[in-house]
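Presented below is the structure to which this report refers.
The values are calculated or read from the model by the stated rules, or taken from the named source; none is laboratory data. What you see is a predicted model; the values in this text were computed from it and never measured. All Cβ positions, even for glycine, are placed from backbone atoms using ideal geometry, and neighbour counts span all protein chains on display.
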């Protein structure tokens, strides 16, 4: 029995070591879960910013619903566009888009109408049929022309 007297505190010591190890493991798991949530939030925010950037820079050509050409007045283009704060250029037949350079046209506020003097678009021959398409412009990047091109006969 002298052997057991020397080992008197061994049971208590093992018990304390098990409790200590369990506490350390629990704290480690809590820290891991907390950090994973924080990194997931950051990753979600980064993905949200990336998606917003992609959507903001996506150029969708407008849908031209009707065109009215008055040779002595205006060319009026009714369109449907899904892109707010976007500029447009008008393409008549296969001529260069109007306006040229970095200038763009914006729809009239509260409407979906572009109005341009016919003389600016070289629509000057009464009875002549013109193919009209619209190009979306944002951050100096152009979309493809709206298809199919709408036609109008100058009157």
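Structure above, values below:
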{"read-out": "Set 17, 59: member being touching a residue at least 40 places away in the same chain (Cβ under 8 Å) and either on the phi < 0 side of the Ramachandran plot or exposed (fewer than 10 other Cβ atoms within 10 Å of the Cβ) (or both)", "value": "59"}
{"read-out": "Which listed residue is under 22 Å from residue 100 (Cα atoms) and at pLDDT 80 or above, from 60, 29, 67", "value": "67"}
{"read-out": "Residues (part of a strand (DSSP E or B), in contact with a strand residue (DSSP E or B) (Cβ under 9 Å, 6 or more places away or on another chain) and surrounded by fewer than 16 Cβ atoms within 10 Å (Cβ to Cβ)) located in region 116-141", "value": "117, 129"}
{"read-out": "Count of residues meeting criterion [under 16 Å from residue 137 (Cα atoms) and touching a strand residue (DSSP E or B) at 6+ places or on another chain (Cβ under 6 Å)] in region 39-82", "value": "7"}
{"read-out": "Test: residue in region 45-65 that is in contact with a helix residue (DSSP H, G or I) (Cβ under 7 Å, 6 or more places away or on another chain) and part of a strand (DSSP E or B)", "value": "no"}
